[in-house]
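Beneath this line is the structure, given in structure tokens, with notes to follow.
Every number here is computed from the coordinates shown, using simple stated rules; none is lab data. The model shown is predicted, which means the values in this text are computed figures rather than measured ones. Cβ placement follows ideal geometry from the backbone for every residue including glycine, while neighbour counts extend to all protein chains displayed.
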Amino acid sequence: MSVLEFIKECQEKVFAGTHISAEDAKKLLNIPDENLKDLAKCANEITRDFNGEKVDVEQ
């Protein structure tokens, strides 16, 4: 599984209403620099889904 696939899998778990494991959270904290934009994009999509436009995390 690629890093992007792993990030997306974690995102889908959150959208489905389940929690990611502590192990997955640790992996996300250690994502390679070249995948940080992918992680940030998915995190922003999660934020927008749960909070709408009232929180701007990209400023």
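The figures follow:
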item	result
Cβ charges +1 (Lys, Arg) and -1 (Asp, Glu), total dipole of the chain, debye	120 debye
Per-residue [θ]222 nm for the chain (sum of -39500 (n - 2.57) over DSSP H runs n ≥ 4, rounded to 500)	-19500 deg cm²/dmol
Ordering of 43-52, 3-12, 27-36 by packing [mean C-beta count within 10 Å, highest first]	3-12, 43-52, 27-36
Proximal lysines to residue 13, defined as alpha-carbon separation beneath 16 angstrom and excluding residues fewer than eight positions away on the same chain	26, 27, 41
